[in-house]
1. Can you tell me which residue among Leu214, Leu195, Leu204 is surrounded by fewer than 23 Cβ atoms within 10 Å (Cβ to Cβ) and touching a strand residue (DSSP E or B) at 6+ places or on another chain (Cβ under 9 Å)?
2. Pick from the range 275-296 the residues that are farther than 21 Å from Thr76 by Cα, touching a strand residue (DSSP E or B) at 6+ places or on another chain (Cβ under 9 Å) and among the charged types (D, E, K, R): which of them is modelled with the lowest pLDDT?
3. Considering only residues that are among the charged types (D, E, K, R) and in a loop (DSSP other than H, G, I, E, B), which ones fall in the range 417-442?
4. State the number of residues belonging to the range 143-192 that are in contact (Cβ under 8 Å) with a residue 24 or more places away in the chain, surrounded by fewer than 16 Cβ atoms within 10 Å (Cβ to Cβ) and over 22 Å from the mean Cα position of the chain (by Cα).
5. Of the numbered conditions (1) among the hydrophobic types (A, V, I, L, M, F, W, C); (2) surrounded by 22 or more Cβ atoms within 10 Å (Cβ to Cβ); (3) farther than 27 Å from Ser241 by Cβ; (4) without any contact (Cβ under 8 Å) to a residue 60 or more places away in the chain, Leu404 fails exactly one; give the number of that condition.
6. Within the bounds of the range 256-270, is there any residue that is touching a Gly at 6+ places or on another chain (Cβ under 6 Å), surrounded by fewer than 18 Cβ atoms within 10 Å (Cβ to Cβ), closer than 27 Å to Ser69 by Cα and free of Cβ contacts under 8 Å to residues at least 12 places away in the same chain?
7. Just one of the numbered conditions (1) small (Gly, Ala, Ser); (2) more than 24 Å from the chain's Cα centre (by Cα); (3) outside any loop (DSSP other than H, G, I, E, B) is not true of Gly395; which one?
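The values are calculated or read from the model by the stated rules, or taken from the named source; none is laboratory data. From a predicted model like this one, the values you see are computed outputs, not experimental measurements. For neighbour counting, all protein chains shown are included, and Cβ atoms are generated from backbone atoms with ideal geometry for every residue, glycine included.
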Amino acid sequence: MKSTIKMKKQLPLLSILTLVSVFGACKKNFLEEPPRVQTADDYFKTSNQAAREMVNAIYNKLYDWNIHSFPFIGMTEIAGDNASKGSDVGDSGGDKDQLDAYFFSPTSISFGDVWNGYFEGIARANKAIKFINELEIPETQKTQYIAEARFLRGYFYFFLVRSFGGVPLIDRVPETEAEIAQTYVRASVDEIYSLIESDFQFALQLPSKQLIDLGRVSGDAARAFLAKVALYRQNWGQCASYCNEIINSGEYKLMADYSHIWREIGEYSEESIWEVNAKGSDPQKGILEYYVVQAPRGGSKGLGWGFNTPTQEFYDAYEEGDLRRDATVIVSGQTLWDGWETDPNHTNPMYNYKSYVSRLAESWGQGDINSNKNLRVIRYGEVLLMAAEAANEMGNSELSCNFLNEVRKRAGLSDFNSTNSDTLRAKIWNERRFELAFEHDRVFDLRRQGRIGEVLKMQGIPFADGKHELYPIPQRQIDLSNGKMIQNPGY
């Protein structure tokens, strides 16, 4: 069985010890043997462990508050149509009320948090790439570590470009004055996507998921993200090609029970392509407050803060008999799968089931703050829906329906068949809504589909066309750049 990765909050400090070796006959006084010292310079030039620790420092960033926690949840879900802010009316969550009701601004705290967090991740990746390139270690190991670093850099940039549009392109450790000055200048969306594609393509050299430690990225994860980038760029042939490589590999399939995906028994399942591993040790480290932010609030059995709650419209929009609804939504007062009885007097009528961690039937980790809930980042169900969308756009409705219906069958729904591309496209988009609900893609999906304003206005949200298609660049970055950083339209 593959061992889980030992994640630490920060890059471990390396203690360089003086190594004393004893050679020669037993009669020789070992105190006369001169010490043989491994210097820090030697260690960092030749150590495979040093390379691994540099890459682990990038992975460690995935657990931070400003990467996958409250600001991320707000920007990816609360700002969409599936969810409301939740919690108490008077608890804004900092600025989650602003994200929910679309009166956010460049000074809203979530934008500054994620900007700092994702660029910190990019900086760690750039440092690792530079450092590992200079190491005297076997080329196969060097390539693997650099590929992991580049994958993670591409992942960070993919979030940023979908959130803000063009952002500074920093693909190396800035050293000259000119390079440092460029970190305050926005590159174009095309330039950012070119870097993302290049990084994921380099990461195709990584082994498959079956040959790596749990939680590390794989060549299959790179393929899945290349397919997703192609989906956003409407490069349908590329999207189909990468999806088909994953589908035809035979390495992945849908879990039989949709509800099991987000339980501990569903970690690293046959459906999982990449998930953030929260089962590390020394110290054990979960995603900071990911669980407690979204857990049921109030009443006699409150578990958390109660944010990111499903809307009634979302709950009612499921097709009759869709098994995914009961696996996605906690209704206050119901008994959960592990026997935990929720309170009908919770502050909100519904909560996110996919973020739930059982105290009764699963390992709890270190409690509310660092509960060991793995974050499923990309899985086979999404690959099938990307393949369906690409096939439809390329005129192959039969193949598109085949992929779509594989997902619908698992959900307990009947087959859908249509040769009308517009009808089929709308159905696939709708299927993504319920298959991937609360998996942090809804806002970005609506944006790429060009209908976020239409959908949100139907919910009474004051969406401003020509403005809210992107989030504002944080005002702090505008100020630091002395005018070099150009704000998005409307802000």
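1. Answer to the check: Leu214.
2. Among those residues, the one meeting the criterion is Lys285.
3. Those that are among the charged types (D, E, K, R) and in a loop (DSSP other than H, G, I, E, B): Glu439, Asp441.
4. Adding up the residues that qualify gives 6.
5. All conditions are met except number (3).
6. yes
7. (3)
Yes/no matrix, rows are residues, columns are (1) surrounded by 19 or more Cβ atoms within 10 Å (Cβ to Cβ); (2) touching a strand residue (DSSP E or B) at 6+ places or on another chain (Cβ under 9 Å); (3) among the aliphatic types (A, V, I, L, M); (4) under 30 Å from Arg376 (Cα atoms):
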site	(1), (2), (3), (4)
Asp422	no, no, no, no
Ala426	no, no, yes, yes
Lys467	no, no, no, no
Gln477	yes, no, no, no
Leu480	no, no, yes, no
Lys484	no, no, no, no
